[in-house]
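The block underneath contains the structure these notes are about, expressed in structure tokens.
The values are calculated or read from the model by the stated rules, or taken from the named source; none is laboratory data. In this text the structure is predicted, and so the values were computed from the model without any measurement. Quick note on the areas: whole protein, heavy atoms, side chains included, nothing else; ligands and nucleic acids left out. Shrake-Rupley method; radii C 1.70, N 1.55, O 1.52, S 1.80 Å.
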Amino acid sequence: MPVIYEFHGSIVAIRLTGSYETADVRAALHRALDDPRCPRAAGLLLDIRGSQSISRRTANEVRAMAQFIASHADRFGRRLALLADTDAAFGLMRLGAVIIEQQGVETSVFRHPADAEEWLGSAPTS
């Protein structure tokens, strides 16, 4: 499956690998947040390190996805860690982060999973 979710303690992690459509990401977020096993989330981790589709996303698609994710922020603790491993993906995630932050979601982009999970596990700065 190109888009899966899992739970790491109080973190909801969504992993995007291979090729997928933006609708797959939306569906996975809904499934994760509606899953009875979903913890009272302290944050959302969106991991695109294995994504083949991210390089084909337009800035408008990134903006639309950022707005969609922000619209669900109350359900994941209003904290989002974005995990990217290439410069291009990192840049697109920074664009998304700016949009999400404008909606009052504390957001940061990381290259290493341990850093992202540590940040999500720490207390909010606001």
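Scanning the chain for long hydrophobic helices, with DSSP H runs required to stretch 20 angstrom or more by C-alpha along their axis and to average at least 1.0 on the Kyte-Doolittle scale, returns 87-101.
Probe radius 1.4 Å, ligands and nucleic acids ignored: give me the carbon and sulfur share of the accessible area of region 1-79 as a rounded percent.
Here carbon and sulfur together make up 50 percent of the probe-accessible area.
In the full protein context, the chain carries 50 Å² of accessible surface per residue, based on a 1.4 Å probe and ignoring ligands, DNA and RNA.
If you count the DSSP beta bridges with both ends in the chain, what percent of them are antiparallel, to the nearest 5?
Roughly 25 percent of the DSSP beta bridges within the chain come out antiparallel.
Look at the Cα gyration tensor of region 56-126: its axes a ≥ b ≥ c give a/c of at least 1.5 with a/b at or below b/c, and that counts as oblate.
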